[in-house]
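Comments concern the structure below.
The values are calculated or read from the model by the stated rules, or taken from the named source; none is laboratory data. Predicted, not measured: the structure shown is a model, and the values here were computed from it. Neighbour counts are summed over all protein chains in view; Cβ atoms, including those assigned to glycine, are modelled from backbone coordinates with ideal geometry. The area values use the complete protein model at the heavy-atom level, side chains included, leaving out ligands, DNA and RNA. Shrake-Rupley method; radii C 1.70, N 1.55, O 1.52, S 1.80 Å.
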Amino acid sequence: MHIFDSVTKTKRRFEPLIPGKVSLYVCGPTVYDDAHLGHAKSALVFDLLRRVLEAEGYDVTYARNITDIDDKIINKSREAGISITELTDTYTEAYHRDMSALGVQRPTLEPKATESLEAMFDLIQKLLDTGHAYQTSNGDVYFDTGSDNGYLSISNRRQDEADTQQRVESFGEKRHPADFALWKGVQGDAVAFDSPFGKGRPGWHTECSAMIEKHLSTHMEYAIDIHGGGADLLFPHHENEAAQTRCATGHELARYWMHNGFVTVGGEKMSKSLGNSFFIKDALKAYSGEVLRFFLLGTHYRSDFNFNEEDLLAAKKRLDRLYRLKKRLFGMKAVEEKTPFQAALLEALGDDLNISKALALLDEMMAAANEGLDANPKDKGFKRKVLADLAYVESLLGFGTMNPYAYFQHGIDEETKAKIEGLIAARNEAKQAKDFERSDALRSEITALGVQLMDTPQGTFWEKTE
């Protein structure tokens, strides 16, 4: 397997630190609002990476953090008049619900910032003890970027002296403009935690380094195999994480760095300040989660992604073809069978998640499957092979997970669905009683609701009329 390393800017052969095992850490959400397209893109990319690594035979430990203490969280809880815990629990649950709808598997570990304070204290103390950090008179603890000879080796950029990299105002006792807060001292009755450095809150970057050391570190030359996140995190967030870890532990943070591209809406970079932050929960009202998954994964992960309705509809039509093929094989039980298609699909995704090649292979497989079914509709061996390929696509890509009839029901509200199911049950009773006049009348009533019926050996199914 080969992946593109953001630091060396080259595609590198993947070689894990420990044979057969992979440690993967991805920066997760700050839970003060609903998940948007940027959250979804990153979560989907690394969900796919995890699936590919597991298909390659690796035992993957995947950690994705939850930032549940932050100035934005504090401000939002005050505005809403609820506790921080109530706010963060609400949005953490919403995040999980949205990601589940997109077929994103839960990570192996999901540490929260508020549960990792001791690990952060240990990290900060090591940096203070070794002279890589210093404390100011107001209780802030800063990382001394001038003490790290490797600083900026991750992002490969020149430091802008005016760039303070802070989420809070710069303080006059900083030694260098680039120094960043490890701990922010808090006075008065503001939200704060007790620490060896006084009351305060952790800095932006501290939690990730601390969590990696606590949960994943190999304590070898590198703490973990792969660190991932959005391209906007490369600097300063990942640069500063790497500096903290390097100076506190003596080892580098990650052997490989992977970053997914920006998400744009209507050609503009997605930003709350631009008013174009598109929430997943809103998109799910109009499209199934699997359609959104197919669409968001359809562009290579390192490319910037432009969300627009026209391309989304095109992606849906492409996914529709997969479900129409599933309908042709409905009722047959899938068996595991290795095929050349499966090997080719894994090889394509093993090349830095080459999704374009993977989807082209999927299109070719579906076309060949339909041709084969047309030519030999009773060939059970061929059908088993196609089913095995579809099951592999479901496992590796997360496409085709639904009942094919249920897939084509999206857009029908729950009340109408219940009415349709009731009418189908009444029609079945009429057919059993050989009351064909009533059966036909009920069929007409059902189709008038914008759906079509399919009577199969497995029962009666329905789908939305295109």
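Annotations
- The set of residues in the stretch 42-64 that are crowded, with 21+ Cβ neighbours inside 10 Å and either over 15 Å from Arg106 (Cα atoms) or modelled with pLDDT under 95 (or both) comprises Val52, Leu53.
- The single condition among (1) open to solvent by 40 Å² or more (accessible area, probe 1.4 Å); (2) farther than 16 Å from Asp389 by Cβ; (3) aliphatic (A, V, I, L, M) that Leu312 does not meet is (1).
- Index of the failed condition, Ala80 passing every other in (1) under 29 Å from Gly198 (Cα atoms); (2) small (Gly, Ala, Ser); (3) surrounded by fewer than 20 Cβ atoms within 10 Å (Cβ to Cβ); (4) in contact (Cβ under 8 Å) with a residue 40 or more places away in the chain: (4)
- Any chance Arg302 is charged (D, E, K, R), assigned to a helix (DSSP H, G or I) and either within 30 Å of Leu453 (Cα to Cα) or at pLDDT 95 or above (or both): no
- Selection count where residues are open to solvent by 30 Å² or more (accessible area, probe 1.4 Å) and outside any loop (DSSP other than H, G, I, E, B), scope the stretch 25-41: 3
- Per the conditions (1) open to solvent by less than 10 Å² (accessible area, probe 1.4 Å); (2) in contact with a Lys or Arg (Cβ under 8 Å, 6 or more places away or on another chain), the sole criterion not satisfied by Thr339 is (1).
- Selected residue [out of contact with any helix residue (DSSP H, G or I) (no Cβ under 6 Å at 6 or more places or on another chain), crowded, with 18+ Cβ neighbours inside 10 Å and farther than 25 Å from Thr460 by Cβ] from Leu396, Leu349, Leu387, Leu359: Leu359
- Residue pairs whose Cβ atoms lie under 6 Å apart, separated by 6 or more positions or on different chains, with the first residue in the stretch 84-97 and farther than 14 Å from Asp70 by Cβ and the second among the small types (Gly, Ala, Ser), are Tyr95/Ala35.
- Residues satisfying the stated conditions in the stretch 432-444, i.e. exposed (fewer than 14 other Cβ atoms within 10 Å of the Cβ) and either in contact with a Gly (Cβ under 6 Å, 6 or more places away or on another chain) or closer than 19 Å to Gln409 by Cα (or both): Ser444
- Residues of the stretch 15-46 classified as over 22 Å from Thr206 (Cβ atoms) and in contact with a Pro (Cβ under 6 Å, 6 or more places away or on another chain), total: 1
- Every residue from the stretch 277-303 that is under 10 Å from Lys41 (Cβ atoms) and either of a type outside the set (Val, Ile, Thr) or in contact with an Asp or Glu (Cβ under 8 Å, 6 or more places away or on another chain) (or both): Leu296, Leu297, Tyr301
- Qualifying residue in the stretch 413-431 (condition: open to solvent by 40 Å² or more (accessible area, probe 1.4 Å) and within 20 Å of Leu292 (Cα to Cα)): yes
- Whichever residue in the stretch 202-224 is surrounded by 23 or more Cβ atoms within 10 Å (Cβ to Cβ) and charged (D, E, K, R) and, among such residues, is nearest to the chain's Cα centre (by Cα): Glu207
- Considering only residues in the stretch 313-364 that are closer than 17 Å to Met402 by Cα and part of a loop (DSSP other than H, G, I, E, B), the one that is modelled with the highest pLDDT turns out to be Leu329.
- With respect to the conditions (1) part of a helix (DSSP H, G or I); (2) among the β-branched types (Val, Ile, Thr); (3) touching a Ser or Thr at 6+ places or on another chain (Cβ under 8 Å), Val291 falls short on a single one, namely (3).
- Long-range neighbours under 6 Å by Cβ, at least six apart or interchain, first residue touching a residue at least 40 places away in the same chain (Cβ under 8 Å) within the stretch 175-201, second open to solvent by 50 Å² or more (accessible area, probe 1.4 Å) and assigned to a loop (DSSP other than H, G, I, E, B): Val186/Lys199
- Candidates are the residues of the stretch 401-456 that are under 36 Å from the mean Cα position of the chain (by Cα) and on the phi > 0 side of the Ramachandran plot; the one that is modelled with the highest pLDDT is Gly450.
- Of all residues in the stretch 101-113, those being in contact (Cβ under 8 Å) with a residue 40 or more places away in the chain and either open to solvent by 20 Å² or more (accessible area, probe 1.4 Å) or among the acidic types (Asp, Glu) (or both) number 7.
- Test for Val7: is it open to solvent by less than 10 Å² (accessible area, probe 1.4 Å) and not aromatic (Phe, Trp, Tyr): no
- Conditions (1) more than 22 Å from Ala94 (Cα to Cα); (2) open to solvent by 30 Å² or more (accessible area, probe 1.4 Å); (3) in a helix (DSSP H, G or I); (4) charged (D, E, K, R); number of the one not met by Lys281: (1)
- Which numbered condition Met332 misses (of (1) open to solvent by less than 60 Å² (accessible area, probe 1.4 Å); (2) touching a residue at least 24 places away in the same chain (Cβ under 8 Å)): (1)
- Qualifying residue in the stretch 225-248 (condition: in contact (Cβ under 8 Å) with a residue 24 or more places away in the chain, of a type in the set (Lys, Arg) and surrounded by fewer than 19 Cβ atoms within 10 Å (Cβ to Cβ)): no
- Test: Thr92 is among the polar types (S, T, N, Q) and within 19 Å of His237 (Cα to Cα): no
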